[in-house]
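The next block holds one structure in the form of structure tokens; read it before the comments.
Any read-out appearing in this document is the output of simple, stated calculations on the displayed coordinates, not a laboratory observation. Here the structure is a predicted model, which is why all the values come from computation and not from measurement. Counting neighbours? That spans all protein chains shown, and the Cβs are built from the backbone with ideal geometry, glycine included.
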Amino acid sequence: MKNELVFENTIMVTQPSLPNYERYMGYIKGIWDRKWLTNNGPVHEEFKNELKNFLRTKNGELFTNGHLALEMALKALDLKGEVITTPFTFASTTHAIKNCNLEPVFCDIDPVTYNIDPAKIEDLITEKTSAILAVHVFGNPCDIQAIQTIADKHNLKVIYDAAHTFGVEVDGKGIANFGDVSMFSFHATKVFHSIEGGMLSFSDNSLAPTLNALKNFGITSPETVEYVGSNAKMNEFQAAMGLSNLEIINNEIDSRKEVYTNYLHYLEGLDDIRLLQFPDYVKPNYAYFPILLKDHKQRNLLCEQLGKYNVITRKYFYPLCSQFDCYDYDVKETPVAQGVSDRILCLPMYANLSKEEVKQICEIIQYELGDFK
Ligand code: T4K
């Protein structure tokens, strides 16, 4: 331990940015006056339209969180049987599949991008397969073209868990425009948030009425309930936070880019660490700062040691979803995912993380990795 590097105030793995207080309260005042609090209120509608403009997508619907949005997407597509997916993701992705009475089939990941490896998908397709549910992990887009080619060949739906990819572009095209459906999370820990919240973008506009019914108990008219739906509606207060945050999103991404650049600068030359690189054709949003350590022991030690300096890191995503106690799968089938999950560590990443703080975190890492050798 090097005592002079201990932070006085704990550095969390992330911290939400907040919008201009007066702007937010302006929206709240309107909600107060109207007494219309949820169920497709005017702020909800304004937020939805602004988001569709920002993400440059023609179809979009809002939800109370990203997870329920994903479940509603799987239901609206009326999937059956098996869904090929990645085990290297947040619990939500796999739980959504299971909660919709579908069977997840775990495909291994690419060792460089940490996304589902398209080269390994076709071997897993059976007559029961109805979809591929891929995740753009840490904001780095999947191999969209390869996945679509496989899906077209086998007549499968493609759903993207785009929880980490708000504002990301591929070859100048907004990330919301790929596959059949993409899900965005607006949780407080995300690059863009509405406290809690989520959105689906989708290619087939006929999905809109089904999604709207599904998020409102399956009700299609005052006396008709056509689907076994849920309650997954976004309320006016969430939408107000989202609208206010949309005003600062470009600054948010610029600030994160600076934090990312500072990390690259101060971690340069550390042989034990591999960083996530974005291809030239991707415009990233700098959602996370994952590092891949040499082995499991080194990752765990570094995580523990950083904690003693008041730096909170997270092992996103360890364990693999396929290893959860609530499931019973054979993880040996995804060795690359296993290796990444054992060695990954997400460093603090948020817009307000100063250059001095990043420098100090990197000095701790340098010192502690030196100690571990
Ligand atoms: N798919 C993927 C790939 C996802 O990553 C997620 C969510 C979803 C689907 C589902 O989307 P949502 O239904 O959530 O919209 C956090 C988030 O709760 C979760 O949204 C996120 N992924 C996941 C990667 O991270 P935890 O369990 O790590 O959260 P927690 O409470 O430990 O927060 C992390 C840190 O953030 C805290 O240590 C401090 C800071 N924090 C957190 C909150 C809530 C704040 O500073 N302020 C806050 O209000 O899951």
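Would you mind estimating how fast segment 21-246 diffuses translationally, via Stokes-Einstein at 20 °C and 1.002 mPa s with the Kirkwood radius over Cα pairs, in µm²/s?
Values: Rh = 17.8 Å.
The Stokes-Einstein estimate is 120 µm²/s.
Extension gain for N205 to K308 (0.36 nm times residue separation, less C-alpha to C-alpha distance): 31.9 nm. Near T89, the amide H atoms lying under 5 Å from its own belong to C321; only residues 5 or more places off or on other chains count, and H is placed 1.01 Å from N.
If the segment from M12 to D295 were pulled out straight at 0.36 nm per residue, it would be longer than the present Cα-Cα gap by 99.5 nm. Which of the pairs K190/K257; K190/K294; K315/K355; K75/K173 have their Cα atoms more than 18 Å apart in this structure? Pairs exceeding 18 Å: K190/K294; K315/K355; K75/K173.
Within segment 124-184, the trypsin sites (Lys or Arg not before Pro) that combine a DSSP coil assignment with at most 13 other C-beta atoms in a 10 angstrom radius are K128.
Tell me, V259, V228, V13 in order of fewest to most beta-carbon neighbours within 10 Å? Working shown, then result.
Values: V259 22, V228 9, V13 18.
By the 10 Å Cβ count, ascending: V228, V13, V259.
The modelled label-to-label distance between N20 and R34, using points 7 Å beyond Cα along the C-beta direction, is 2.1 nm.
Under 12 Å from a point 7 Å along the Cα-to-Cβ line of D171: which residues of segment 253-284 have their amide N that close? 281-282, by backbone N distance to the label point.
Give me the extension gain from D325 to E122: residue separation times 0.36 nm, minus the current Cα-Cα distance, reported in nm with one decimal. Spell out each step's value before the answer.
Working: separation 203, 0.36 × 203 = 73.08 nm, distance 2.78 nm.
The D325-E122 span can extend by a further 70.3 nm.
Look at the dipole of the chain built from charges on Cβ: of N216, P319, N20, the Cα furthest out on the positive end belongs to N20.
Between V225 and T220, the built amide H atoms are under 5 Å apart, and every one of these is 5 or more places off in sequence or on another chain.
Across segment 273-280, rounded Karplus estimates of 3J(HN,Hα) from the backbone phi angles (6.51 cos²θ - 1.76 cosθ + 1.60, θ = phi - 60°) give 10, 10, 9, 7, 9, 9, x, 4 Hz, Gly and Pro being marked x.
In plain terms, the residue of S182, S255 with the fewest other Cβ atoms within 10 Å comes first and the most crowded comes last, giving S255, S182.
What per residue convex hull volume, in Å³, do the alpha-carbon atoms of segment 51-155 yield?
Working: hull volume 12.2 nm³, N = 105.
Dividing the Cα hull volume of segment 51-155 by its residue count gives 116 Å³.
If you place +1 on the Cβ of every Lys and Arg, -1 on the Cβ of every Asp and Glu, and leave all else neutral, what size is the dipole of the chain about its Cα centre, to the nearest 20 Debye?
Details: 35 positive and 49 negative charges, 106 e Å.
In debye, rounded to 20, the chain gives about 500.
Going by C-beta contacts inside 10 Å, put V336, V83, V181 in order with the fewest on the left. Walk me through the intermediate numbers first.
Working: V336 16, V83 26, V181 29.
Listing V336, V83, V181 from fewest to most nearby Cβ atoms yields V336, V83, V181.
Assuming a ≥ b ≥ c are the square roots of the Cα gyration tensor eigenvalues, decide whether segment 245-373 counts as rounded (a/c under 1.5), prolate (otherwise, with a/b larger than b/c) or oblate. Oblate, since a/c reaches 1.5 and b/c is not below a/b.
Based on DSSP loop calls and a cut-off of at most 11 other Cβ atoms within 10 Å, the longest stretch of the chain free of exposed GluC sites (Glu not before Pro) is what? Of all site-free stretches, the longest is 9-126. Between the amide H of T129 and those of E82, distances stay under 5 Å, these residues lying 5 or more places away or on another chain, with hydrogens modeled in the peptide plane.
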